[in-house]
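Trainee: Pasting a structure below so you can have a look.
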Amino acid sequence: MAVRKNPKVKDADLARVGPGTPGGEWLRRYWLVISRAEDLKDIPLGLKILGEELVLFRDDQGRLGLLGLHCAHRGSSLEYGDIECGGLRCPYHGWLYDVEGRCLEQPAEPKDSQFHLKIRHLWYPVKELGGLIFAYLGPNKTSPPPLPRYAPLVRNGGKLFLEAPRTYDYNWFNFFENAPDVTHLSILHRHSGYGKQTWGNNFFDYHNIPPFEPVETEFGVKAVSRKPGPKPDTEYVHELGAFLPGILDLGSVNSTGSEEPDNEHTIFLTPSDDDHFTLFSIDYYTGLDPDFFDKILARRYGPARKEAPKEYDRRKYKSFKGSIAQEDIVTQETQGMLGERREQLGYADRGVIMLRRMVREAIETALKGGRPKGVFTDEEAGKTIEFGCFTGIRPKGPPESRCQVSVGNRGSSKSAISSDTGKH
């Protein structure tokens, strides 16, 4: 990619992810989740990531490979290929590729042919961490940045649960910027999980929406909501974070109603193209409830209370109220794409405004050839990345102590990277 000297990034660039687009070139600087490890069996898995058609496989030696979907010979899909002989063999004419795109065999060519040495098929580095498979689609394939050690994926002592991936048919950024838009929790989700089940005191009260402040962290934005706690020197706090390039971290309380937070809910968001994206959702639970994951999934996907559909309702989505996931889909999908829709942003949108500005700056950095926020150095490779979103009761204090980051649009922030002394 040619480096721009003075890149001017617009909001519309945040939504586009294809090769050569500003947003797509930025996203290619990161490791992105492309699959759960358990979903990769003994046959290839066709994928679409950032507008590119790819195929994921594990060769007969256990090595992960991610190649261009269409064979370099005559374009047949390698999704139907055979995993054998140290690579993936095209079903049409038998060209065999290793995990780095080298062509090892061409059965129909003369025995002494060296033609296969001239072929280098599209490939990308792939790594596995915490049951998820990550890929790097950036320019430095042989020396990519280190795969961050995200805390929920490397901790010990709790239970890690990976939901089945979910794919949606609208633009990825609509979902991503929904995280710092926390006022919608009290309004949109009042029919489902919020406003009824948080600490038993209606923290997300439709008629008394908790005040919040957007806080910039080292590589993301946290929306911090708070209300007075059960004692004068305490407060109820709910923090929801959006971190680059497309990670959401949500505080969660115990399924039994305990005020002690014991579950971290994290979502890795990967765009397929401009009109589709996939969510890889994980929970890291340290509580004692053996049925916790069943309960939390029922709350998220419900519905807890389902409307009876009206026979004259001709809308695409009917009876959506009562399911958190469905409520999000209805409102986010119908927004249209950022840069194409008309908006009038107000005071309650300041978290969205902060996140968009951060992403624009990160894109500009990438286009200039720099290292955008959230891309870590080799020196940071052994560190654990803590998102630090808290939900529960804690003593009152200044914003800095509450959030462990500095407040302000461009102020410096304390590190969200901690020393990793544990094992994985």
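The values are calculated or read from the model by the stated rules, or taken from the named source; none is laboratory data. As the structure is a computational prediction, the values presented were derived from the model and not from experiment. For neighbour counting, all protein chains shown are included, and Cβ atoms are generated from backbone atoms with ideal geometry for every residue, glycine included.
Trainee: Answer yes or no as to whether GLU361 is surrounded by fewer than 17 Cβ atoms within 10 Å (Cβ to Cβ), over 18 Å from the mean Cα position of the chain (by Cα), among the acidic types (Asp, Glu) and modelled with pLDDT under 95.
Mentor: Here the answer is no, as GLU361 does not meet what is asked.
Trainee: Take the residues in region 148-187 that are of a type in the set (Val, Ile, Thr) and surrounded by fewer than 22 Cβ atoms within 10 Å (Cβ to Cβ); name whichever of them is farthest from LEU338 (Cα to Cα).
Mentor: That would be VAL154.
Trainee: Same structure, new question: Please tell me if LEU367 is surrounded by fewer than 15 Cβ atoms within 10 Å (Cβ to Cβ) and either out of contact with any strand residue (DSSP E or B) (no Cβ under 6 Å at 6 or more places or on another chain) or among the hydroxyl-bearing types (Ser, Thr, Tyr) (or both).
Mentor: no
Trainee: Hey, another quick one. Those residues that are farther than 17 Å from ILE34 by Cα and under 17 Å from the mean Cα position of the chain (by Cα), I need them from region 138-151; list them, please.
Mentor: Of everything in region 138-151, just one residue is farther than 17 Å from ILE34 by Cα and under 17 Å from the mean Cα position of the chain (by Cα), namely ALA151.
Trainee: Select from region 74-96 the residues that are of a type in the set (A, V, I, L, M, F, W, C) and outside any loop (DSSP other than H, G, I, E, B) and write down the one among them that is nearest to LEU40 (Cα to Cα).
Mentor: ILE83
Trainee: Quick one: PRO144 ticks every box in (1) touching a Pro at 6+ places or on another chain (Cβ under 7 Å); (2) free of Cβ contacts under 8 Å to residues at least 40 places away in the same chain except a single one, so which number is it?
Mentor: (2) is the only condition that PRO144 fails.
Trainee: Answer yes or no: is there a residue in region 51-71 that is modelled with pLDDT of 95 or more, hydrophobic (A, V, I, L, M, F, W, C), closer than 30 Å to PHE176 by Cβ and surrounded by fewer than 16 Cβ atoms within 10 Å (Cβ to Cβ).
Mentor: Within region 51-71 (the criterion being modelled with pLDDT of 95 or more, hydrophobic (A, V, I, L, M, F, W, C), closer than 30 Å to PHE176 by Cβ and surrounded by fewer than 16 Cβ atoms within 10 Å (Cβ to Cβ)), the answer is no, since none of the residues qualifies.
Trainee: Follow-up. Could you please find all residues in region 138-195 being in a helix (DSSP H, G or I) and within 24 Å of ILE49 (Cα to Cα)?
Mentor: PRO152, LEU153, TRP172, PHE173, ASN174, PHE175, PHE176
Trainee: Starting from region 169-183, take each residue that is in the same structural domain as VAL359 (by TED's automatic domain parsing) and list its partners that are β-branched (Val, Ile, Thr) and not in a helix (DSSP H, G or I), counting only C-beta distances under 8 angstrom and pairs at least six apart or across chains.
Mentor: TRP172/VAL17; TRP172/THR270; ALA179/VAL221; PRO180/VAL221; THR183/ILE209
Trainee: Consider region 122-139. How many of its residues are of a type in the set (Gly, Ala, Ser) and within 17 Å of PHE161 (Cβ to Cβ)?
Mentor: 2
Trainee: A follow-up question, please. If a residue must be farther than 28 Å from PHE376 by Cβ and either exposed (fewer than 14 other Cβ atoms within 10 Å of the Cβ) or in contact with a Ser or Thr (Cβ under 7 Å, 6 or more places away or on another chain) (or both), how many such residues does region 110-142 contain?
Mentor: 9
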